[in-house]
Structures are given as C-alpha cells and as structure tokens.
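Enquirer: The following block contains the structure, expressed as structure tokens.
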Amino acid sequence: SSAWTCGMGIFRRIISTLGVAPGLTGVRTAELLFPDYVANWAEREECLPEISPEEAVFANQALKDILEKVVDSGIVVFTVFVDTRDREEGRRFARNMDTWMCRVRSVLGSSFLAFVDSEKLRKHFESQYGVSAYFSKEWIQEAFKGRGGGERHDSNYWRWVAMESILRAGYSALYVDTDIMWLGDPRPHLKALPAADFYGSCDTYDAGTGSVRWYQNGSLDMEQLRKESKEHDDESVCCQGFLVPVNAGIVLMRPFPAAIQAVVRFRQRVISGPCWGQAAMQWALFELCGSGPRAALRCEILEPLRFASAGPLISELRRQRGKAS
C-alpha cells in the first residue's frame, strides 16, 4: 500500500520506542478546564477586550455539493492553504508540501478538503495532490466582509470561516494543519467520542504518561511571559505560547448551536485583539468552556498521545536514550 511510502518510518519508530500504540482504538479524552487564577490575571492584563458582532458565514451551494461528496462518518476533514504574504513561510511550505500531501492522500484520498484562495491553487491541489479543493471568489467576499476583510491573508482566520461554513451546513468538522503526520484514518475513532462541542489537541503534555500539563507548578511564570513578550516585539503577555495549552493544529467541532457560536467568538477575538491565531482561540475557550448545565461550551481535549504535537514525543525519546546511555 502507498499509505506507508511517505517518510513515516521515523515517527513509527518513535512511538514504538515510547510504547505508544499506533492504532486509533479506544476512546480516551480529558475535559478542558482552566485554573481559577487565570480569571483575575486575564482581567489585570486586559486579555479580553470588548468585541463587536460579526455576520454569520455560510456555505454556498457549490461548497455544500463538495461537502456532501467528502463527508465520511459524518465528519469533514479539511485544511486551509492561502497566500499569507510571508515569503519565508511560503518557501518552507513549498519545500515540504509534496511530502505532507502524500501522507494525507494515502490515508484520506479525495475525501480530504483544502480551502484555497485561487483557482490556480485549486487545480494544483486536485491534480498534483489528488485531494479535493474549494475556491470561490463569491464565498471569500462574503466570508471576509466587514471587519473580517483585514484578515484576508490570515490563515488562522481562514480556519474559522471555513469551520463555520461546514458546521452551519450540518456536518462535524475536523480542521488539521497541512503538516500533520498521518498514521491512520481518525474518523471512526472521532465519531465514537462522547458528545461535546469542541475537541482540541494539546501541546503541553507528558509524553511518558500522556497526562496534560497546564501551567508550570500551578502558577503563571510572569518573568517568562515578560521575556517572551520582549522577544516578540512587546506583543501582549496574553498572547505568548507559554499560555496556550490547546493546539489549534487539530480541532474537532460538532454542528451544535454552541459550537457555531464559539467559532463566531473565535473570529471576534482575532479581530478585537490583543492576540491572533491560537492565542485568540485560547481566550475565547477560557470565556466559554466549563462544566455543568450552565456551561456555554462543552470542551474536551483529544487523547494527547494520539492527537498532539510530536515535539514532546521526540523530547521524551531523547530523554530515554540519555538515561539508557
């Protein structure tokens, strides 16, 4: 099978060495909760400025037709690929795109959907990579009207307008970054998960045990946050990576009213600032997630050892090798 001819060997060896099962059996998740002390800190640092209403984003008929073709197990798996006007990022993606798309094609084939921002890219994705692609000037004009117009070249904002369109069409949606390492079709596993509005993946986990590590020692390291802020041109401390346990590189959302409103809030948070991308989503989740009947959004973390960054896995492998020597 061509499924294992795309350079996956090294990652299979990593997870085998760590004793992580490569299959997608079992249903294990963790509830996404935030420490109590974050509330006062967020207010003090002005991490949640006022937001303004944003118009809904819908799928047009052409997109609905594509969604009907690509949906499997009730889930649409999609990514976005647009011109961000970042030449360095563009060159990096160009060097790796063939390998990345080989992996996704080998697992999902044409049921994988890419939202792109040009007809040239649409043809390229479908002919070169063998996946489905969607481009529509009319849809882009509608999705990015109003204050969203300033996010036309922001792939993070694209993620949410595409997600909203899919959810409003009545399908569950799994967003994935293009550089995901595919080891199998996750849709049967994801379909079996308990009902929740939002499932996020996690970067801050222990690769040895799979347990989630939210904040170091149960507190916020302000010195580290200030240092990160200085390194990022005095960007708000609210937006530093140290504060973002949820990785937006893999996000599953269900077509429930609360999930749709959450995506709208993600867009609002990108526009209102002070953060963008994953950090903007993070603060929206802080506002909405919770336990009990009064929670605005039912939030879960996907099993870390199956749906998360490879970084902690590689670090754990190096640690084990160091102990063995």
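The values are calculated or read from the model by the stated rules, or taken from the named source; none is laboratory data. All of these numbers come straight from a predicted model, not from anything done at the bench. Don't worry about glycine lacking a Cβ; one is built from the backbone with ideal geometry, like all the others, and counts go over all protein chains shown.
Enquirer: Quick one: which helices (runs of 4 or more DSSP H) lie wholly within the stretch 107-176 and hold at least 3 residues that are under 18 Å from the mean Cα position of the chain (by Cα) and crowded, with 20+ Cβ neighbours inside 10 Å?
Expert: Where helices (runs of 4 or more DSSP H) fall fully within the stretch 107-176 and carry at least 3 residues being under 18 Å from the mean Cα position of the chain (by Cα) and crowded, with 20+ Cβ neighbours inside 10 Å, they are 155-168.
Enquirer: Just checking, does the stretch 57-80 include any residue being more than 27 Å from residue 245 (Cβ to Cβ), surrounded by 12 or more Cβ atoms within 10 Å (Cβ to Cβ) and polar (S, T, N, Q)?
Expert: The answer is yes; a qualifying residue exists.
Enquirer: Next question, about the same structure. Of 92, 87, 103, which residue is more than 20 Å from the chain's Cα centre (by Cα) and either of a type in the set (Lys, Arg) or at pLDDT below 90 (or both)?
Expert: Criteria check complete, one pass: 87.
Enquirer: Give the residues of the stretch 85-106 that are in a loop (DSSP other than H, G, I, E, B) and in contact (Cβ under 8 Å) with a residue 12 or more places away in the chain, sorted by residue number.
Expert: Across the stretch 85-106, the qualifying residue is only 85.
Enquirer: What pairs come up if the first residue lies in the stretch 177-203 and is polar (S, T, N, Q), the second is part of a helix (DSSP H, G or I), and their beta carbons are under 9 Å apart, counting only those six or more places apart or on different chains?
Expert: The qualifying pairs are 178/93; 178/96; 178/97; 178/100; 178/101; 178/104.
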